[in-house]
Amino acid sequence: MEERLKPGIVARLLSPFTELFGLSRWVAYFVLIFVAAVVLLAVFWFFYSAPPRSLTITAGAPSSGFETNAFRYKQLLAKKGVTLKILSSQGSFENLQRLTNRSVSVDIGFVQSGIVGTNVNQMHEEDTHGLVSLGSIYNQPLIIFYRNTNVVSLLSEFKGKRIAVGPVGSGTRALSLELLRLNGIEPGANTALLDLEAEDAAKAMAEGRVEAVFLMGDSASTSLLRRLLQASDVKIFDVGQADAYVRRLTYLNKLTFPKGVIDFGKNIPARDVSLVGPTVELVAREKLHPALVDLVIEAAQEVHGTPGIFRRKNEFPAALEHDFPLSAEAVRYYKSGKKFLYGFLPFWLASVVNRVLVAFVPAVVLLIPALRMVPTLLRLRVKLQLYRWYRRLLALERDLRLHVQGKEELSTRLDSIERGVNHMKVPASSADQFYALRTNIELVREHLEQSAREQRNPS
């Protein structure tokens, strides 16, 4: 049954081209295939260009600042119908490793500036090809705690001590080792550099097993930092050489921990404390869908646009480049905001409308002139054929008036013209011109016969 229907369907599809325009069957097939290819390409692009409904972010250690921010992103994206999958990690360096490893299914991640090109991790710019920044999202201070009856004013004073520098794979460890190296403290020397998790490091310091702890938000929770700041037997290291550090390590910023900001009543901290820290970037693979770029930056604005201890209101996210170039979509977003349709339509509806405009409108724009050109070219071809026979007919009529040939020779020529015209394949759209030519042939034949009668019967 299906085999009987198929030829009928194909014939009906071909009939406008074969009957109306007079196309040969193979040319009609070509036109039909071309139309089908354009339509299928538009349909394919409509579905292929749809933004995915899920994203994967590589965040930080459990309960760390990175992971806390990731969960806030997840809640905001869920309102737009996008699921955010969160992968725990040891911090910035592991996040960067995942982003550069194409076998790992991850789309975005938190990475502190300065990770690329340091002497510690041996990762260079060529290793990060294909990664882009969606903007800097906040300043992340490195906070150093220590237990000592005397105030420590230089990092070099920690030489020979037991120091927790953060777990392997964390940005905390990378920056800690870099700062210690600048002060002549290297791994493997008489100083014990311990790769402890934040909670383990805090516990070790409480038990007297370490003298100093380096902590940052990629591996430590806010509650842990607050607990250490409020501990009476723990001091916070004031980076008195902060100006020098930020000039030597250009990816660092000088930050100030204001006096009393943790507890006004207990005046914690008891004085302004100078700190240094990098900026955290939201890094993505460059093939991240443009619509999702808008959603992620919009979520970042809601999460990080509020004022905090180390940022002013609406200071972040910001279009600041550090280790990674800003994506073109991020540059567009920071300059002019969301795309037009996404500004007033729900996300998925705007996505559908946008894909219709991108996929089907160009297809229509291509098909309309292309299909209009087919009959135009056919009419031109038929006209040229008709004009060729008209030229021969005009030449015959001129010879008839001038008596250049005998009537029999002229009649033979006219028969040849008529046979040629009758064998023409003319589309229905040019039928009027075809029949006009045949009528004119009959008129010339009448003139020829009349001239022959006059020649036989002169008056």
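Please compute one quarter of the surface area of the Cα convex hull for the stretch 327-459 and express it in square nanometres.
So the Cα hull casts an average projection of 15.1 nm².
Tell me, what ³J(HN,Hα) does each residue in the stretch 370-384 have, in order and in whole Hz, if you take phi through Karplus 6.51 cos²θ - 1.76 cosθ + 1.60 with θ = phi - 60° and put x for Gly and Pro?
Once rounded to whole Hz, the list reads 5, 6, 5, 6, 4, x, 5, 5, 5, 4, 5, 4, 5, 4, 5.
In debye, nearest 20: dipole of the chain around its Cα centre with unit charges on the Cβ of K, R (+) and D, E (-)?
It comes to approximately 1320 debye.
How far is helix 407-422 tilted off the main Cα axis of the chain, in degrees rounded to 10, range 0 to 90?
Taking Cα atoms only, the helix is inclined about 30 degrees.
How about the stretch 301-379: which trypsin sites (Lys or Arg not before Pro) there lie in a loop by DSSP and see at most 16 other Cβ atoms within 10 Å?
Answer by residue number: Arg312, Lys313, Lys339.
Go from 0 up to the bin containing the longest alpha carbon distance in the stretch 45-181, width 5 Å each, and give me the % of pairs per bin.
2, 9, 16, 19, 17, 13, 9, 6, 4, 2, 1, 1, 0, 0
For a quick check: with amide H placed at 1.01 Å from N, whose amide H comes under 5 Å from Leu55's, ignoring anything fewer than 5 positions away on the same chain?
Answer set, sorted by chain and number: Thr83, Leu84, Lys85.
Counting other C-beta atoms within 10 Å, and keeping those with at most 13, which DSSP coil chymotrypsin sites (Phe, Trp or Tyr not before Pro) do you find in the stretch 206-289?
Passing sites in the stretch 206-289 are Phe264.
Using 0.36 nm per residue, how much length does the chain from Ser49 to Glu207 gain when fully extended, once their Cα-Cα distance is taken away?
Here the answer is 51.2 nm.
Using only the alpha carbons of the stretch 144-207, what is the convex hull's orientation-averaged projected area in square nanometres?
Averaged projected area of the stretch 144-207's Cα convex hull equals 4.3 nm².
Please state, as a whole number in µm²/s, the translational diffusion coefficient that the Stokes-Einstein equation yields for the stretch 24-117 at 37 °C and 0.692 mPa s, with Rh defined as the Kirkwood radius across alpha carbon pairs.
Estimated diffusion coefficient is 201 µm²/s.
Hey, with R₀ at 22 Å, roughly what FRET efficiency would Asn267 and Ala244 work out to, going by the Cβ-Cβ distance, to 0.05?
0.20
In nm, what is the difference between 0.36 nm times the number of residues separating Asp432 and Val365 and their Cα-Cα distance?
Once the chain is fully extended between Asp432 and Val365, it gains 21.0 nm.
Given a Förster distance of 60 angstrom, what is the FRET efficiency for Ala37 paired with Ala189, based on the Cβ-Cβ distance and rounded to 0.05?
Computed FRET efficiency for Ala37 and Ala189 comes out at 0.30.
Pick out, from Thr412, Thr250, Ala350, the residue whose Cα sits farthest towards the positive end of the charge dipole of the chain, with +1 on the Cβ of Lys and Arg and -1 on the Cβ of Asp and Glu.
Farthest towards the positive end: Thr412.
With the full set of protein chains in place, find how many percent of the accessible area of the chain is carbon and sulfur; take the probe as 1.4 Å.
In the chain, the share of accessible area belonging to carbon and sulfur is 56 percent.
Out of (1) 26.1, 93; (2) 40.7, 147; (3) 32.6, 111, which label holds the value of Rg and Dmax of the Cα atoms in Å that was computed here?
Derived directly from the coordinates: (2).
So for the stretch 216-344, what percent of the C-alpha to C-alpha distances run longer than 27 Å?
Percent of Cα pairs beyond 27 Å in the stretch 216-344: 35.
Sorted by accessible area (1.4 Å probe), largest first, how do Phe324, Phe71 line up?
Accessible-area ranking of Phe324, Phe71, largest first: Phe71, Phe324.
How long is the gain from Leu394 to Ser232 if the chain were fully straight, where each residue apart is worth 0.36 nm and the alpha carbon distance is subtracted?
46.7 nm
Collect residues whose amide H, placed 1.01 Å from N in the peptide plane, falls under 5 Å from the amide H of Gly135; neighbours closer than 5 in sequence don't count.
Long-range HN contacts for Gly135: Leu282.
Could you pull the Rg and Dmax for the stretch 158-299, using just the Cα atoms, both in Å?
17.2, 53
Heavy atoms only, probe 1.4 angstrom, no DNA, RNA or ligands counted: give me His304, His403 ranked by accessible area, highest first.
Accessible-area ranking of His304, His403, largest first: His403, His304.
For the chain, what does -39500 (n - 2.57) per DSSP helix run (n ≥ 4), summed and divided by total residues, give at 222 nm, in deg cm²/dmol to the nearest 500?
Helix-only estimate at 222 nm: -16000 deg cm²/dmol.
The values are calculated or read from the model by the stated rules, or taken from the named source; none is laboratory data. As the structure is a prediction and not an experimental result, all values here were calculated from the model. Counting neighbours? That spans all protein chains shown, and the Cβs are built from the backbone with ideal geometry, glycine included. Quick note on the areas: whole protein, heavy atoms, side chains included, nothing else; ligands and nucleic acids left out. Shrake-Rupley method; radii C 1.70, N 1.55, O 1.52, S 1.80 Å.
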